[in-house]
Amino acid sequence: QKLEGHTYRVNGVAISGDGSRLDSASGGALMGFAFCGGAHAVFADAKKKGRDAGQGETKEKAAFPYPPGCHCYPNLHKKKAWAANWDGRAVPEEASDDLKARLKKAPVRHIILIRHGQYDLTSKEDPPLTALGREQAKIVGEKILTWTKEELQVNPQAKPFKTTITSVRSSTVKRAVETGEIIAEVLGTKVEAQDPLLDEGVPCPTEGWDPLPSTTFQDSARIEAGFRKYFHRSVDGFAAHHEEQRAAAKGKAPAEPKSFEGPPTCEIIACHGNVIRYFLMRALQLPPDAWLRFGTYNTGITHIRIGATGVVSCSGFGDVGHLRQSKVTYH
């Protein structure tokens, strides 16, 4: 209930706009309140500190975790713009409107990252999948197979389409190799490549884990190289612009402008939890060192969509809805 000025009444307690509590001392011992508008919410707790009944109106500072006006997260009001040329493939501003329009019709890329199945922790070498891990891989493969038979609509404006699996890849680690092979067999295809850039490792320093600096130094460069290899828009707009500019300068411009239109692609990558979490952070332009705050179970599905203009979205992280609860494992 809004009172005079910037004062509100919440559950019978008067709260001022600066986070102070205006209480008659007879209120409860613990109070929480929220003002919600869209995605903004401010929470505060205020404790009664031994005030006697009948003491009259008192003013007590509420225990705000962050200053008022910061939307409950430091610096959240400082908006960070999306880096449009994150993959070095953005079409230049000076490109023609015709080229920009054609590039907008380029294929959307769907990258499906799948964590390997449960593996044998008793093995001291390169552990293989357990019997349950192989079953998990088969089940997730059957789940993906249904995508090729039913239409998917990714948003209300998008046209529904049937998924075509364009490739299956894996890391070179045995548990991921076996997971990829089982998925490919279910889909009636083969693993296109086993890439060491996708192997498990330490993507970057993070809170709560302190591996050897030399390990982080080597792993982080490799995993970042893996991200740059697999994450990019389908058509290089910068290269397309300069190719057309060079052709026009030589008087060799084609009679019909090149079309970039094509169906969506869907690429399956069987790899590892650390790699998937880091790829997610980088793709969404979130702090990379926050990767350890996410967790994904065996054969969890992470779906990342890269639009023709380079806009990236995550349609699901670590989804294990294909597994019964009794078959969900972390290792």
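The values are calculated or read from the model by the stated rules, or taken from the named source; none is laboratory data. Given the structure is predicted, the values throughout are model-derived calculations rather than measurements. The accessibility values were calculated without ligands, DNA or RNA, using every heavy atom of the protein model including side chains. Shrake-Rupley method; radii C 1.70, N 1.55, O 1.52, S 1.80 Å.
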Contour excess over end-to-end distance, with Cα ends at residue 252 and residue 217 and 0.36 nm allotted per residue: 7.8 nm
Rounded, prolate or oblate for segment 85-147? Axes are the square roots of the Cα gyration tensor eigenvalues, ordered a ≥ b ≥ c, and the cut-off for rounded is a/c under 1.5. oblate
Would you list 330, 230 from the most to the least accessible area, probe 1.4 Å? 330, 230
Quick check: with the 1.4 Å probe, what order do 166, 216 take by accessible area, largest first? 166, 216
Using only the alpha carbons, work out the radius of gyration and Dmax of segment 240-321 in angstrom. 18.9, 57
Under the Debye formula (equal points on every Cα, no solvent term), log10 I(q)/I(0) of segment 139-209 at q = 0.12, 0.25, 0.26 Å⁻¹: -0.48, -1.03, -1.07
Past 31 Å, Cα to Cα: identify those pairs from 100/143; 80/104; 105/252; 100/229; 80/105, in the order given. 100/143
Rolling a 1.4 angstrom probe over the protein chains, ignoring ligands and nucleic acids, what is the accessible area of residue 174 in square angstrom, nearest 10? 80 Å²
In Å², and per residue, what accessible area does segment 229-331 have when probed at 1.4 Å with the other protein chains present? 48 Å²
What length, rounded to one decimal in nm, is gained on full extension from residue 83 through to residue 96, with 0.36 nm per residue of separation minus their alpha-carbon distance? 2.6 nm
Given a 1.4 Å probe and the protein chains all in place, what does the accessible area of residue 294 round to, in Å² to the nearest 10? 80 Å²
